[in-house]
1. Which residues, counting only those in region 1-44, are modelled with pLDDT under 95 and either in contact with a Leu (Cβ under 9 Å, 6 or more places away or on another chain) or surrounded by 15 or more Cβ atoms within 10 Å (Cβ to Cβ) (or both)?
2. Among the residues in region 64-77, are any of a type in the set (Gly, Ala, Ser), touching a helix residue (DSSP H, G or I) at 6+ places or on another chain (Cβ under 8 Å) and either without any contact (Cβ under 8 Å) to a residue 40 or more places away in the chain or closer than 18 Å to LEU180 by Cβ (or both)?
3. What is the number of the single condition among (1) within 14 Å of the ligand (Cβ to nearest atom); (2) acidic (Asp, Glu); (3) more than 28 Å from HIS326 (Cβ to Cβ) that ASP216 does not meet?
4. Can you tell me how many residues in region 249-286 are small (Gly, Ala, Ser), in a loop (DSSP other than H, G, I, E, B) and crowded, with 17+ Cβ neighbours inside 10 Å?
5. If ASP216 passes every condition in (1) more than 28 Å from LYS283 (Cβ to Cβ); (2) at pLDDT below 95 but one, which one does it miss?
6. Taking the options TYR138, TYR167, name whichever one is more than 14 Å from the ligand (Cβ to nearest atom) and assigned to a helix (DSSP H, G or I).
7. Please list, ordered by first then second residue, the pairs with beta carbon atoms under 9 Å, 6 or more apart or interchain, first in region 150-173 and under 19 Å from GLY237 (Cβ atoms), second among the hydroxyl-bearing types (Ser, Thr, Tyr) and crowded, with 21+ Cβ neighbours inside 10 Å.
8. Return the only residue of ASP227, ASP295 being in the same structural domain as GLY15 (by TED's automatic domain parsing) and at pLDDT 95 or above.
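The values are calculated or read from the model by the stated rules, or taken from the named source; none is laboratory data. These numbers were taken from a predicted model, which means no experiment stands behind them. Don't worry about glycine lacking a Cβ; one is built from the backbone with ideal geometry, like all the others, and counts go over all protein chains shown.
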Amino acid sequence: MINCYANKKILITGGLGFIGSNLARALLAYGAKITLVDSLIPVYGGNIFNIDDIKDKVTVNISDIRDQYAMTHLLKGVDFLFNLAGQTSHLDSMLDPKSDLEINAAAQLAILEVCRKVNPALKIIFASTRQLYGKPEYLPVDEAHPVRPVDVNGINKLAGEWYHILYNNVYGIRACALRLTNTYGPGMRVKDARQTFLGIWLRLLIEEKPIKVFGDGLQLRDFNYVDDCVSSLLLAGASENSNGKVYNLGSSEVIRLKDLAELLIDINGAGSCELVPFPAERKNIDIGDYYSNFDLISSDLGWRPKVGLNVGLENSLNYYRNNYKHYWVDSE
Ligand SMILES: NC(=O)c1ccc[n+]([C@@H]2O[C@H](COP(=O)([O-])OP(=O)(O)OC[C@H]3O[C@@H](n4cnc5c(N)ncnc54)[C@H](O)[C@@H]3O)[C@@H](O)[C@H]2O)c1
């Protein structure tokens, strides 16, 4: 990848979160000047410890992306916006649909309006989600698959994604969107299942408690290690081919959840898992089997995931074993 990021001004929304903080670390290696904006709302994934090793090399601004005045100030003069801030919990989007709407849809539109007014020359990379496809009609799911979100989060992320594509098409503000699949690795929220079930699985394993797998455990999923997700964001930002495009991420290493739990136990060298009935509120928004076709981003941008589950899960386990005190309190 040609280094288009050297000395460039980069804004990462959600920069204290899981993917944002890993992206910041990668961009520093390219010599970028980075500002992270994050609200640090406790129920979301932001964690100041995520940037502990780079805190002296980045600028941190604790603001809410719903604050139009803060965003106007932050977006002026920026070359790249990696727009990652979001409410990520599917269940929470059903319990508090308004906050999900405000953050994942309305604030995205407001950000784009600010860009149009004060900085139309920037390039935006938006983190979308595979959740907006809903229950797959066929596998692997490609970008032509019908979009039928099964929860409020999927609808609002879809709106957020399409505002970006619309502003690209109508106003020429270069923007693209990546539909992320399950992403995991150091820095993800593990204290509960708000961000991903894999997070709480890691916690349970480290606490020597059984992993709980919902249903029959036969659901198929694909996973990306965070470094692979970061490399897709960097490639999308660096290319003019990506403008106006929506890309799936994914992996050809497809696995049943029960087998994933067993793999994790194997890597850990100890532990157990049990099948438990799906809680009704989760069953209602479950998407069944899912894995992506990611041929489009492979052919357009040359992206392929490189880190296998074995290595990625081992890295993740080691990280949380060493750093768990920064991610959960034993009594919580
Ligand atoms: N991790 C995944 O598996 C996955 C899958 C699909 C899509 N995504 C998308 O990728 C993006 C990053 O996800 P992540 O996994 O790093 O989650 P994360 O929760 O760790 O990061 C999101 C960050 O956004 C911040 N944030 C939330 N609301 C905000 C607001 N109003 N103002 C400012 N900051 C706010 C949070 O504090 C958090 O740090 C999200 O937009 C998410 O929808 C992630």
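1. Those that are modelled with pLDDT under 95 and either in contact with a Leu (Cβ under 9 Å, 6 or more places away or on another chain) or surrounded by 15 or more Cβ atoms within 10 Å (Cβ to Cβ) (or both): MET1, TYR44.
2. The first filter runs over region 64-77 and keeps only residues of a type in the set (Gly, Ala, Ser), leaving 70, 77.
Remaining after also requiring touching a helix residue (DSSP H, G or I) at 6+ places or on another chain (Cβ under 8 Å): none.
No, the conditions are met nowhere in region 64-77.
3. Status for ASP216: all satisfied but (1).
4. Looking only at region 249-286, we keep the residues that are small (Gly, Ala, Ser), and these are 250-252, 261, 269-272, 280.
Keeping just the survivors that are in a loop (DSSP other than H, G, I, E, B) gives 250-252, 269-272.
Subset that is crowded, with 17+ Cβ neighbours inside 10 Å: 250-251, 271.
Count: 3.
5. Of everything listed in (1) more than 28 Å from LYS283 (Cβ to Cβ); (2) at pLDDT below 95, ASP216 misses just condition (1).
6. Details: TYR138 fails: assigned to a helix (DSSP H, G or I).
The conditions single out TYR167.
7. GLY160/SER128; GLU161/SER128; GLU161/THR129; HIS164/SER128; ILE173/TYR167
8. Working: ASP295 fails: in the same structural domain as GLY15 (by TED's automatic domain parsing).
On inspection, the qualifying residue turns out to be ASP227.
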